[in-house]
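*Asks:* This is the structure I want to talk about, given as structure tokens.
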Amino acid sequence: MITSIQGLLTAATALHATIELNGFGYEVNVPLTTAEKMPAVGSTVKLHTHVIYREDAQTLYGFATPADRDFFRLMIEHVTGVGPKGAIGIMSRLSVPLLESAIRSGDIATLAKCPGIGKKTAERLVVELKSKVGASTNNETALAPNSAEPRAASNAHQDAVAALVALGYKASDADAAVRQAALVLGLKATTEALIKRALS
């Protein structure tokens, strides 16, 4: 199985990337949360991948971190009615920390706002993943091999989103604002710094 791909980023959109490696161009489907973190076209990029083989196609899905890839796998393998396209849609709307938090707390309303996900599918996400969330995901990132840093970044992200929600933001809007702040401030940004940047 292909678990990662590293090469020259030759094209990128919100949901696709083309990576050239050894003379081959690989089309990789990515969620928006991964596309936001990719470097400029012409740079070297590494994505953690999952391949789905079918009789008529081989489709490559790529993610910024192993944790994102593992969460994608959890959804497509354990949630009835959620296929690869649906899982990419869910992960394009909400970051993995917010998805995990919503599943643990049973926040059906936030999950149901993802594209193509109704109330019943949101309920299935909670029922079928609640016991698995956090247990099977790997929190390492390609940018920070020290596992403590990604955990701290994830906690800061969740706390910043919670603070913005308390201020009246919708969960999905708060998550998007904090993701943008984290791109500017980096993995070591504190909760306070993320909140200030998100509000500016």
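The numbers here are math on the coordinates, done by the rules we state, and not lab data. For clarity, every value in this text was computed on a predicted model and none was experimentally measured. Here the Cβ is made from the backbone with ideal geometry for all residues, glycine too, and neighbour counts use every protein chain on show.
*Asks:* Any aspartates and glutamates with Cα under 17 Å of the residue 113 Cα? List them, leaving off those in the same chain fewer than 8 positions away.
*Replies:* 100, 123, 173, 175
*Asks:* Would you mind ranking 90, 117 by Cβ crowding within 10 Å, fewest neighbours first? Let's see the in-between values first.
*Replies:* On the way: 90 24, 117 19.
Going from least to most buried by this count: 117, 90.
*Asks:* Quick check on the exposure proxy: order 38, 75 from fewest to most C-beta atoms within 10 angstrom. It would help to have the intermediate numbers written out before the result.
*Replies:* On the way: 38 17, 75 21.
Final ranking by Cβ density, sparse to dense: 38, 75.
*Asks:* Express in % the proportion of alpha carbon pairs of region 10-96 at distances exceeding 17 Å. All intermediate terms of the calculation are to be shown ahead of the outcome.
*Replies:* Numbers: 1664 of 3741 pairs.
Tail fraction, whole percent: 44.
*Asks:* OK, next. Longer than 25 Å from Cα to Cα, which of 119/196; 132/188; 37/119; 119/170; 130/170 are they? Say none if no pair is. Show your work: numbers first, answer last.
*Replies:* On the way: 119/196 33 Å; 132/188 27 Å; 37/119 30 Å; 119/170 17 Å; 130/170 22 Å.
In this structure, 119/196; 132/188; 37/119 lie more than 25 Å apart at Cα.
*Asks:* Counting just the Cα atoms, what span does region 148-199 cover along each of its three principal axes? Round to the nearest Å and put the largest first.
*Replies:* Computed over the Cα atoms, the extents are 30, 18, 16 Å.
*Asks:* Show me the helices of the chain, taken as full DSSP H stretches, that run 24 Å or more along their long axis by Cα and average 0.5 or above in Kyte-Doolittle hydropathy. Before the final figure, lay out the partial values.
*Replies:* Working: long enough: 148-166 (27 Å, 0.13).
TM-like helix candidates: nothing returned.
*Asks:* What is the gain in length, in nm to one decimal, between residue 11 and residue 192 on full extension, counting 0.36 nm per residue of separation less the C-alpha to C-alpha distance? Could the numbers behind the result be given before it?
*Replies:* On the way: separation 181, 0.36 × 181 = 65.16 nm, distance 3.50 nm.
Contour length minus the Cα-Cα distance gives 61.7 nm.
*Asks:* OK, next. Relative contact order of the chain: what whole-number percent is it, with Cα pairs under 8 angstrom and at least 6 residues apart? List each step's numbers first, then the result.
*Replies:* Details: 320 pairs, mean separation 31.0, N = 200.
Relative CO of the chain lands at 16 percent.
*Asks:* Would you calculate, for the chain, the mean residue ellipticity at 222 nm contributed by helices, counting each DSSP H stretch of 4 or more residues as -39,500 (n - 2.57) and dividing by all residues, to the nearest 500? Before the final figure, lay out each step's value.
*Replies:* Details: 9 runs with 96 residues, N = 200.
-14500 deg cm²/dmol, from helical runs alone.
*Asks:* For region 66-129, what number results from the quotient of the Cα radius of gyration and 2.2 N^0.38 Å? Spell out each step's value before the answer.
*Replies:* Numbers: Rg = 10.0 Å, N = 64, 2.2 N^0.38 = 10.7 Å.
Taking the Cα Rg and dividing by 2.2 N^0.38 Å, one obtains 0.94.
*Asks:* Suppose a student asked you for the relative contact order of region 66-129, using Cα pairs under 8 Å spaced at least 6 residues apart; what percent would you report?
*Replies:* Values: 60 pairs, mean separation 23.0, N = 64.
Relative contact order for region 66-129 comes out at 36 percent.
*Asks:* With each label point set 7 Å from Cα along the Cα-Cβ vector, what nm distance links residue 58 and residue 80?
*Replies:* About 3.3 nm separates the two model spin labels.
*Asks:* Still on this model: Determine the shape class of the chain: with a ≥ b ≥ c the square roots of the Cα gyration tensor eigenvalues, call it rounded for a/c under 1.5, and otherwise prolate if a/b is greater than b/c, oblate otherwise.
*Replies:* On the way: a/c = 1.78, a/b = 1.19, b/c = 1.49.
Verdict is oblate for the chain.
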